[in-house]
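Single-structure report; data block below.
The values are calculated or read from the model by the stated rules, or taken from the named source; none is laboratory data. Keep in mind the model is a prediction, meaning the values are calculated, not measured. As a convention, Cβ positions derive from the backbone with ideal geometry for all residues, glycine included, and neighbour counts pool all protein chains shown.
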């Protein structure tokens, strides 16, 4: 299923990712270049006032990005934003969901959400899919 | 921590820097995200898959790290990522030489200075073609402490 098959107001199919392990946090630190120690070193996390390490916000956004890309034609994502509202602990399995909020010609606006198994919303976001722009890209 | 205010944040000038997009790094990024189930769809007829949308954030970490925090006197352990946005105007593929140009554009506080918010905007371009823009809001815990 793709976003362009859905009418405004329709829900996107949910998908659950993970679980997020300590190993995935270490690998993501290296792959993404985000070396903030609170994500990989429990001593650093405790020194900063947290109980344990937690996922990078950008890991949540990377998963949400893969989710949106899976629902759109390649090269049509023109806008993507996220607000990080709660931390993602080790062991969590984030679920991405969303809704088509508007379609103006060939431009579709999506509202997105990431939540954990216990219902905690960790991120909210928006994406814009523009079919016309993709054709114009050299 | 130095007490921040809008003029001192706006006074931080960040030089633009170039980076060649590394195929190996992009593949590693994709592999880690795919390992959690985030498999990216194969590109339609494109010979080379463009970088994942959030990879621009990693490009900027590669060119600039968190240097602006040093300039502001903010320790990395005090920051959280509040918001992140991107706009995309052209595909970026491994091998592209990308000019990364960040600038700090806003600073405000909430809860009587308990939380500070630095807003940074970055443009990514190759030659005279703009690829993407990014807008980051970084939360500083204990900004007024």
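Give me the residue from the stretch B:40-54 that is in contact with a helix residue (DSSP H, G or I) (Cβ under 7 Å, 6 or more places away or on another chain) and either buried (at least 17 other Cβ atoms within 10 Å of the Cβ) or more than 7 Å from every other protein chain (Cβ to nearest Cβ) (or both) and, out of that set, modelled with the lowest pLDDT.
Ranking the candidates gives B:40 first.
What residue, among those in the stretch B:74-89 that are in contact with a strand residue (DSSP E or B) (Cβ under 6 Å, 6 or more places away or on another chain) and within 15 Å of residue A:35 (Cα to Cα), is nearest to the other protein chains (Cβ to nearest Cβ)?
The extreme case among them is B:81.
Looking at (1) in a loop (DSSP other than H, G, I, E, B); (2) more than 8 Å from chain B (Cβ to nearest Cβ), which is the only condition residue A:43 fails?
That leaves (1) as the condition not met.
If we keep just the residues of the stretch B:58-73 that are within 12 Å of chain A (Cβ to nearest Cβ) and modelled with pLDDT under 95, which is surrounded by the fewest Cβ atoms within 10 Å (Cβ to Cβ)?
B:65
With respect to residue B:36, determine if the residue is out of contact with any strand residue (DSSP E or B) (no Cβ under 6 Å at 6 or more places or on another chain) and surrounded by fewer than 17 Cβ atoms within 10 Å (Cβ to Cβ).
no
Output the residues belonging to the stretch A:22-40 that are within 9 Å of chain B (Cβ to nearest Cβ) and more than 11 Å from residue B:32 (Cα to Cα).
Scanning the stretch A:22-40 gives A:33, A:34, A:35, A:36, A:37, A:38.
Out of all the residues in the stretch A:72-94, is one or more at pLDDT 95 or above, away from chain B (no Cβ under 11 Å) and in a strand (DSSP E or B)?
yes
Which members of the stretch B:1-25 meet the condition of being more than 19 Å from the chain's Cα centre (by Cα) and surrounded by 15 or more Cβ atoms within 10 Å (Cβ to Cβ)?
Residues satisfying the conditions are B:1, B:4, B:8.
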